[in-house]
């Protein structure tokens, strides 16, 4: 597997995010419009796309500056047929390395309670539950995590 650091203009990233949004529209139902407003792709400068041996895009993720020293993990997705191969974990590790290189000491993220595979990934990757932050404060279907990055 190859990991490519790129930005939100990468066509493979854009295509994977379309698949992610279609999946989330089904999972989130009536709540989708609320979450969708916080997931625009404009000007995400730090994205990672994973490619398999056939050079086919098999996953993506992004980080976005949240506040000084803190990056927010966004747009993590691996298509159903590619899951269970460790792709998301590798993407997440690369995003954390990049966040550290950019001078950050923490990553935070939000995911939905209807995404148990995402919650499992983040727990397994060393993230811990935190109170819902920012726009997710008080949102019952959201769970938030953080991970301190080792230097």
### Query
Using a Gaussian network model of the chain with C-alpha springs under 10 Å, which one of 110, 140, 15 is most mobile by mean-square fluctuation?
140
#### Entry: Paramagnetic reach from residue 130 in segment 65-83 [backbone N under 12 Å; point 7 Å along Cα→Cβ]
66-73
### Query
Among 72, 82, 96, which one moves the most in a GNM of the chain with springs linking Cα atoms closer than 10 Å?
82
### Query
For the pair residue 113 and residue 51, how long in nm is the line joining their label points, each one 7 Å along Cα→Cβ?
4.1
### Query
Within segment 109-136, whose backbone N sits under 20 Å from a point 7 Å along Cα→Cβ of residue 19?
112, 115-122
### Task
Would you compute, from DSSP H runs of 4+ residues alone, the mean residue ellipticity of the chain at 222 nm, taking -39500 (n - 2.57) per run and dividing by the full residue count, rounded to the nearest 500?
-9500 deg cm²/dmol
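None of the figures in this text is laboratory data; all of them are computed from the coordinates on show. These numbers come from a predicted model, not from an experiment. For neighbour counting, all protein chains shown are included, and Cβ atoms are generated from backbone atoms with ideal geometry for every residue, glycine included.
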